[in-house]
Amino acid sequence: MHSVSTVPVPLAARDAGQRLRSSLIGLVAVALVTGFAFVGSGYQLFQATMVMVYAIALLGLNILTGYNGQISLGHGAFFAIGAYCAAILMERLSMPYWATLPAAALACGLVGYAVGWPALKLEGIYLALATFALGTATPQLLKFRKLEPLTGGAQGLVLLKPDAPFGLPLNQDQWLYLFVFGVALLMFAIARNLLDGRIGLALLAVRDHPTAATAMGVDVARVKTAAFAVSAAYTGVAGALGAIAVQFVAPDSFTMFLSISLIVGIVAGGLASMSGAVWGAAFIHFIPNVAEKVSKAAPWAIYGVMLIVFVMLLPQGVAGALQRARAAWQRRRRPAGAGHRAGH
Amino acid sequence: MEDVLQQVISGLATGSVYAIVALALVMIYQTTHHVNFAQGEMAMFCTYLAWALLQKGVPYWLAFAAATAIGFVVGAAVERVVIRPLAQAPVLAVVVVFIGLLVIFNSVAGWAFGYSVQTFPSPFGGGTGLWGGMVSAHQLGSLVVTVALLLLLFVFFRFTPWGLALRAVAENPASSSLVGIRVGSMLALGWGLASAIGAVAGMLVAPIVFLDPNMMMSVLLYAFAGAVLGGITSPVGAVVGGLAVGVLENLVGLLIGNELKLSVALALIIGVLLVRPAGLFGRVSVSRV
């Protein structure tokens, strides 16, 4: 099955100078984001925290849909499972908030693996259908009466915001922001290692031509189910972080529209692109805030139009557009540089 | 036992609405091999238009006809403007566009008509006591409309030149084009019909679930389940599947509880796709690798 044209993964080894420059840029970016914890207001920090949470979720969905070509219209379900994992472990078992993250990753990874098996037999449109059903059924399942002692039913669960550890002089918002940033860095680093090598190639091969991938010795079934598990685990961790940040989980936070938001995020940010996850997260977090001032319906109308416009005009999303702009900029500079070198 | 029988009958009545939506899904799947995720929202939108006309004092059947006609135009326009440019696009792009349409219809309805829940009248009156209280007038009416619609479609596809052309396009667009069928117009016709059928379903279900922008979300899911159960290539299967899902939904509500109704639809979809992907009446499709 083919997918929407995607941003190519940089596979060629970059030369040392370029690597040094990109790691410098990375360091500066990390320093800036960290520094923001000390200048941003509590509300701004919360906003930034949520963007990072969505970025992790989108990275997860992108691994599945962007890189591996398996459409999921129900990833909100994994976000919900992660969130409920964190909430139940914190509320009912008084586990520390940080310990809930691996638990959420494990739980969602297992559920993702379980969903990945039947998904093997469902291609394209059928997988979209089944995951659409999953996304639609989730809020109702969370309200299930027999699970109410655990989930709090329709009322949901209220959580406490964690304090900074070791007596660090940080308020709760600052600490949470830095904590989520740390987790996001870790998750992106893991994803980079996964996607930039053999496994990433296998994912793309399975997406673009499963038959050829099989001929090349790629175990398609294993790659697909593993992609589902990893993707679900990422989105689950994001859900857990989201629950801790919002301090509240309830079934109606995880409707079909959450799953749709996530799809909007990866399409707008850029399919099969890691930076696309960040752009997409900013997009789905800030567009509603801005557009809601016009009308309650406006954010969704904008989402809908954006989805169609992006697919038709900008299939590589913001990340792809930026990459193309940079390439065009470099092309404009290069002729002068090449002439200079030839002169020597 | 009385309870069970009553649930089965009212299940058949709501199931008839699922059957109609499933029928619309099957029509679009047959002509374009897409599953229209926006089918439910388009139907909801047309139902709101009918509601707005009714508020203005337009008689029911006139509003009904107008909404159905508008549904036809909207469906054909969507095919022309949004779907046709994507004829060669990958599955993911098409699915994303359908989700975009779903969101647009949903939000435009909310914008234009508000998010508060409205009541929608039934053309069959509010009578409850037919056959010893077993079935309401609206339930019986819905069933009759479904059967009538099915007969109309059968006659259309079997005995009219357009129906024949539409079937030819669904079977083989290239050859149909060679014998002089205007494939583009036929696709628009198919979409228009599907959308009009959806509008009828919306107006039948609105008196039961009440009118709000999200009313078709679960209806669409049940219709999916019905279409998959019956076989997404089979119109008859869609109707049988839709009715079966309606009955199953009600029995699950009675025996297990209302919270698991949607999950049953989910389990049904996945189960059928795994065990018998062609559904009860569908054709098994074989494609050359």
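The values are calculated or read from the model by the stated rules, or taken from the named source; none is laboratory data. Just so it is clear, the model here is predicted, and its values are computed rather than measured. Here the Cβ is made from the backbone with ideal geometry for all residues, glycine too, and neighbour counts use every protein chain on show.
Do we find that B:VAL58 is surrounded by fewer than 23 Cβ atoms within 10 Å (Cβ to Cβ), in contact (Cβ under 8 Å) with a residue 24 or more places away in the chain and more than 14 Å from every other protein chain (Cβ to nearest Cβ) in this structure? When the stated conditions are applied, B:VAL58 does not pass them.
Scanning the range B:69-100 for residues that are touching a residue at least 24 places away in the same chain (Cβ under 8 Å), surrounded by fewer than 22 Cβ atoms within 10 Å (Cβ to Cβ) and within 7 Å of chain A (Cβ to nearest Cβ) gives no hits. Residues that are without any contact (Cβ under 8 Å) to a residue 12 or more places away in the chain and of a type in the set (Gly, Ala, Ser) were ranked within the range A:301-320; the one that is farthest from B:ILE83 (Cα to Cα) is A:ALA301. Does the range A:25-67 hold any residues that are among the polar types (S, T, N, Q), modelled with pLDDT of 85 or more and over 13 Å from the mean Cα position of the chain (by Cα), and which are they? Scanning the range A:25-67 gives A:GLN47, A:THR49. For the range B:228-244, the set of residues classified as out of contact with any Gly (no Cβ under 6 Å at 6 or more places or on another chain) and among the small types (Gly, Ala, Ser) consists of B:ALA244 only.
Using beta carbons and a limit of 6 Å, which pairs, at least six apart or on different chains, have the first residue in the range A:229-254 and closer than 23 Å to A:VAL115 by Cα and modelled with pLDDT of 90 or more and the second one of a type in the set (Phe, Trp, Tyr) and buried (at least 24 other Cβ atoms within 10 Å of the Cβ)? What qualifies is A:ALA232/A:PHE78; A:THR235/A:PHE78; A:THR235/A:PHE79; A:GLY236/A:PHE78; A:GLY239/A:PHE79.
Name the single residue, out of those in the range B:211-247 being of a type in the set (Val, Ile, Thr) and assigned to a loop (DSSP other than H, G, I, E, B), that is surrounded by the most Cβ atoms within 10 Å (Cβ to Cβ).
Among them, the one singled out is B:ILE232.
When the range A:227-278 is filtered for residues that are of a type in the set (Ser, Thr, Tyr) and crowded, with 24+ Cβ neighbours inside 10 Å, the ones remaining, listed by number, are A:SER231, A:TYR234, A:THR235, A:SER259, A:SER261, A:SER273. Of the residues in the range B:26-44, not one is out of contact with any helix residue (DSSP H, G or I) (no Cβ under 9 Å at 6 or more places or on another chain) and part of a helix (DSSP H, G or I).
A quick yes/no check of all residues on (1) at negative phi; (2) away from every other protein chain (no Cβ under 12 Å); (3) β-branched (Val, Ile, Thr):
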| site | (1), (2), (3) |
| --- | --- |
| B:GLY180 | no, yes, no |
| B:GLY190 | yes, yes, no |
| B:SER218 | yes, no, no |
| B:ALA223 | yes, no, no |
| B:LEU251 | yes, yes, no |
| B:LEU254 | yes, yes, no |
| B:VAL264 | yes, no, yes |
| B:LEU273 | yes, no, no |
| B:GLY279 | no, no, no |
